[in-house]
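Working notes for the structure below.
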Amino acid sequence: MAILFDKQSRLVPTWLAAAKHLESAPNHTAMNLVLEISEPLAITAEDRAIMQRVDVALGAVDLTLRTVAGTIFPLDLYERYGRPDFYDKYKTMLKRGKKHGTWGTYASRMIERPSVKGKASINPLDMLVNRLRQDGQPKKQGGSVSSFASAYELGVADPAVDLALDDHFGGDVPTYNAAVDGRRWMGMPCLSHLSFKRVKEVDGYAVHLSAMYRSHHYCARALGNLLGLAQLLSFVAKEAELKVGTLTCLSSHAVLDATTWGGIGQAQQVLGLTGSK
């Protein structure tokens, strides 16, 4: 049975509620946690204090929230160079720093994929942005513009084909590469699928993002992942001239990997549960 976390509008409190649930769950594990965040860019002073505690704990495994978020969207490069220049800057940086035998980052898969013919590459994320824009919407026979919201998707999209179609549906960005990941038992991407929706509201259109994780580690990765997804959503909204909508995250297999932070006692302190069982 899925468990919905939607009582908090902000990102950090929503993650915290889910992490606390995992702390009390059998084996600190649960299936199908759904986090719905209506204000994904809102961060308060209280939220920053929690983020600081998480950052300190992540230092034990040489991680930070910023580095985890950056694997989904390279915010620093985007803010410095803008679109489209940051795409090439990121690819150049990744080629210098990519370790042999690793699959790269989610961001790299979003911005560069082989084309159908295999002789060139495409940028699925940029194609998605262009498609979400008002001038990217399909036109009716008479020339008027229609706006389409959503589709029923599986994470098997071929962006070179699917994002080029005017098929009256929304768009998605695949991060799972069957040619590479289908041979792995471990070490494959945990983020399986991203789906964006263009939804009409009272004062315009908003873009919403749904993300599916096949496996989600709530100590090592989840908060940084959510921050990266929020930054990605903000980028797409800005470049497509839409409002930022709701961020929804499905953790199909969620675990509180307390050893990342030094054990369950340390995890309880980070989560503000000191004195619990």
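Each residue of segment 26-33 in order: what ³J(HN,Hα) in whole Hz does its phi give by Karplus 6.51 cos²θ - 1.76 cosθ + 1.60, θ = phi - 60°, with x for Gly and Pro?
x, 6, 6, 9, 8, 10, 6, 8
Taking other Cβ within 10 Å of each residue's Cβ, how do R133, R48, R221 sort, fewest first?
The most exposed by this proxy come first: R48, R133, R221.
As a footprinting exposure proxy, order K91, K197, K7 by other Cβ within 10 Å, with the fewest listed first.
K7, K91, K197
If each residue's Cβ is checked for other Cβ atoms within 10 Å, how do D203, D88, D257, D126 rank with the fewest at the top?
Ranking D203, D88, D257, D126 by Cβ neighbours within 10 Å, fewest first, gives D203, D88, D126, D257.
Just so you know, all these numbers are worked out from the coordinates, no wet-lab data involved. All figures in this text were calculated on a predicted structure; none of them were measured in a lab. Using ideal geometry, Cβ is built from the backbone for each residue, glycine included, and neighbour counts are taken over all protein chains shown.
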